[in-house]
Amino acid sequence: MEPIYEHEEETALELPAEPMRLNMGPSHPAMHGTIKMLLELDGEVIKNLDIVPGYLHRGFEKSCERGTWTQCFPYVDRLNYVSPMLNNVGFALAVEKLIDIEVPERCKIYRVILGELARISDHLTCNAAGCMELGAFTPFLWFMKVRDWVYDILEQETGARITHTFGRIGGMAKPPTDGLKQAVRDVIPQVDKVLAEVSATMVRNRIFMDRCQGVGCLSQERALSLGVTGPMLRATGVDYDVRKAYPYSGYETYDFEVPIGHDGDTYDRFMVRMEEVRQSCHILQQAIERLPDEGPINVDDPRIILPEKDEVYSTIEATIAHFKIVMEGVKPPKGAVYSYTEGGNGELGFYIVSDGSGTPYRVRCRPPCFLNLKSAEDMIRGNMIADVVPIFGSVNMIGGECDR
Amino acid sequence: MSKQVLSLLQERFGAKILAVDSFRGDDEALVAPEAWHEVALFLRDDAACTMDHFIDLTAVDYPEREPEQPRFDVLVSMRSQRKNHRLRLKVRVRDGQLLDSLTSVWAGANWTEREVYDLFGVRFKGHPDLRRILLYEEFVGHPLRKDYPIAQTQPLVQYRDVGPAKLAPFGSDEGQPFGRIDWLARMQGRNQQVSPAIAVQHGQQPALSIRTEDTGPEAPQAQPVRPDQPGQPDQLGSKA
């Protein structure tokens, strides 16, 4: 093989000046799920990049237009499959806003408990993956261990570990089990313990700090303009949390704080998520004290809530009500609303349009990941290839939600 | 609080704000298409509005509104970080009509406009990089339009031909149609809804009788169409 620049002196030999194009993904261990990044490299520095989502697109919004409103719940489960309960509650709240009903107090507290458990599992998963991708496998296992105990509670409550399909319009599928309070009381110290352990190993770890601090910075103005929400926005120093700014499900009555970062770098995002897990534990402690043992969990409206099974089999009224809800579906009035909750990654919104029939006319999910991911282009540009992994990990892109 | 923003908009832009609405507390303004960019820029920069936080941009398809009214609703939501109020702008555009891109106002509009173009086919003027984002370049049509059949498939890699022996002896949705509303039929004036419950409620024939009565251009076939047959994209639903 002949030399590249044979006319030049050996001392003047340079690498080719034109940028190299590199495909990262769609199937790559650091690309959570399937996503492609087209990197334009100058040496190891990323001059430009194009993020290509869509490999997990399965037509969520179109699928929702085919059945009844209740039949959307299995689909919303599969949006953010790390914290499906938050999606369930978010969608239920959207339809309830359209119908203009409010669930009983017990249901609100129950939703807060399940939602915060889901948020803990979401943040733990993100930080666990972030540690692992930087070579720290032990914190990953610690986090996963605790996440599994959180999943155990959710399994005990809903019967499923991940895709619960537990939300219902006007309530929840089942009332809380007797063991819920004790289970939550047992798991909170474990979460605290593992947070302390990981803090001790990671937070002041030289390697971790060097890899994360000052890497992938995002400014406040840029983040707001890009529509970034959630822990990523709070890491830049904006104290926007839907639970505080526009409270729902009685969040205004809980005592918790919104942690914010300073630089908007990868380290801040890690720390914001760590602190949010602590705040979620704090909310959980208050919520289990408030949760009444008795009382209705669903709204009292036979047009919305399925009757009890033994009544369905024994009375004609309940049979008819059951048939109408299952065959025709819940019929919200004509109109459109946008309802938003704080999901695992930011503002999870549902813009829903009803034409008055039992079938959704349009279900738009405002996916926090999708808008957060766009900001990764800004954060990665100018960094090295090795920085892609921690930056992208701290975005916490969930394929199911981003690509729908 | 955003009621004030609505009245401010009406004061400032007059006839270009076609309607305002506050259904269930969601403040919404219907804007004339030519003022779309102008109103958005005003909302971002005005000291009383300061809508600096982009939230969402999406669209809804109403094919039955045509030809009197434009077919698509494009909606953009935003909020103010300082004043904590929200607003939703709505604009109506016809199929093929160009709408001003909002990428110069909020950077977040870039991907969401690409998504609206991808799934609805609404084109944006001045968008720096308008190409498909969730689907692949070879995809034909825009799937979130109501006239795109819900069960249609466009595989890039052909389905494997497994032969009849390995398939179930019925179509994937025989008996209960996949979608409850057959939008293609509805837009052609045959407003037969495929859900038996809905059809009866609308005073129509039960949908199950479509199979024998519908002798339109596409007469019912002897064999149900299988979604997983190799070859051209197929369509399921009431005509299967």
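Of A:Gly400, A:Pro332, A:Ile153, which is farthest on the positive side of the dipole of the protein assembly as shown, counting Cα position, with +1 on Lys and Arg Cβ, -1 on Asp and Glu Cβ, and the Cα centre as origin?
A:Pro332
Rounded to two decimal places and with Rh computed the Kirkwood way over Cα pairs, what is Rg over Rh for the stretch A:92-236?
Value, to two decimals: 1.04.
First measure r as the distance between the Cβ atoms of B:Gln188 and B:Arg12, then evaluate 1/(1 + (r/R0)^6) with R0 = 56 Å and state the FRET efficiency to the nearest 0.05.
After rounding, the FRET efficiency stands at 0.80.
Using a Debye calculation, one point per C-alpha and no hydration shell, please list log10 I(q)/I(0) for the stretch A:26-140 at q = 0.16, 0.18, 0.21, 0.22 Å⁻¹ in order.
After summing over all Cα pairs, the log10 values are -0.96, -1.08, -1.21, -1.25.
Could you order A:Lys36, A:Lys374, A:Lys174 so the one with the most accessible surface comes first? Probe is 1.4 Å.
A:Lys174, A:Lys36, A:Lys374
With unit charges on the beta carbons (Lys and Arg positive, Asp and Glu negative) and the dipole taken about the Cα centre of chain A, which residue among A:Ala386, A:Pro53, A:Asn205 sits farthest to the positive side?
Most positive-ward Cα: A:Pro53.
For the stretch B:1-117, report the accessible area per residue in Å² (1.4 Å probe, heavy atoms, rounded to an integer).
With all protein chains present, the stretch B:1-117 gives 37 Å² per residue.
Please average, across the residues of A:226-234, the number of beta carbons from any other chain that are within 10 Å of each residue's own beta carbon, and give a whole number.
Counting Cβ atoms of other protein chains within 10 Å of each residue's Cβ and averaging gives 4.
Please state the shape class of the stretch B:37-166: rounded when a/c is under 1.5, otherwise prolate if a/b exceeds b/c and oblate if not, all from the C-alpha gyration tensor.
Judged from the Cα gyration tensor, the stretch B:37-166 comes out prolate (a/c at least 1.5, a/b above b/c).
Take every residue in peptide A:242-248, count the Cβ atoms of other chains within 10 Å of its Cβ, and give the average of those counts.
Whole-number average of other-chain Cβ neighbours for A:242-248 is 1.
If you rank A:Tyr75, B:Tyr117, A:Tyr254 by how much accessible surface each has, with a 1.4 Å probe, what is the order from largest down?
Solvent-accessible surface, decreasing: A:Tyr75, B:Tyr117, A:Tyr254.
Using a Gaussian network model of chain A whose springs link C-alpha atoms within less than 10 Å, name the residue from A:Val299, A:Val388, A:Val277 with the highest mean-square fluctuation.
Among A:Val299, A:Val388, A:Val277, the largest GNM mean-square fluctuation belongs to A:Val299.
Report the charge-dipole magnitude of the protein assembly as shown in Debye, nearest 20, computed about the Cα centre from +1 at each Lys and Arg Cβ and -1 at each Asp and Glu Cβ.
For this selection, approximately 1480 debye.
Given just the C-alpha atoms of the stretch A:181-302, how large is their convex hull per residue in cubic angstrom?
137
For A:His282, what accessible surface area do you get with a 1.4 Å probe? Give it in Å², rounded to 10.
70
What accessible area per residue comes out for chain A, rounded to a whole number of Å², with a 1.4 Å probe?
Computed with neighbouring chains in place, this is 39 Å² per residue.
Beyond 35 Å, what share of the Cα-Cα pairs of the protein assembly as shown is found? Please give it as a whole percent.
The proportion of pairs with Cα distances above 35 Å equals 45 percent.
Tell me, what is the 1.4 Å probe accessible area of A:Glu252, in Å² to the nearest 10?
About 120 Å², ignoring ligands and nucleic acids.
What nm value, rounded to one decimal, do you get for the distance between A:His282 and A:Thr201 when each label is placed 7 Å out toward the C-beta?
In this crude spin-label approximation the distance works out to 2.6 nm.
Positive end of the charge dipole of chain A (Lys, Arg +1 and Asp, Glu -1 on Cβ, about the Cα centre): tell me which of A:Ser354, A:His282, A:Met37 has its Cα farthest that way.
Working it through, the farthest residue towards the positive pole turns out to be A:Ser354.
Which loop-located GluC sites (Glu not before Pro) does the stretch A:299-366 contain, where loop means any DSSP state but H, G, I, E or B and the Cβ has at most 14 other Cβ atoms within 10 Å?
A:Glu308
Which of A:Lys62/B:Lys90; A:Lys331/B:Lys3; A:Lys108/B:Lys90; A:Lys108/A:Lys331; A:Lys334/B:Lys90 have a Cα-Cα distance over 26 Å?
Cα-Cα > 26 Å for A:Lys331/B:Lys3; A:Lys108/B:Lys90; rest within.
Over the residues of the stretch B:1-113, compute the C-alpha Rg and express it relative to 2.2 N^0.38 Å.
1.01
To the nearest 10 Å², what's A:Phe137's accessible area with a 1.4 Å probe?
110
The values are calculated or read from the model by the stated rules, or taken from the named source; none is laboratory data. This one's a predicted model, so the numbers in the text were calculated from it and none came from an experiment. Because the Cβ atoms are built from the backbone with ideal geometry, glycine has one as well, and the counts that use them run over all protein chains shown. Surface accessibility is based on the protein's heavy atoms, side chains included, excluding ligands, DNA and RNA. Shrake-Rupley method; radii C 1.70, N 1.55, O 1.52, S 1.80 Å.
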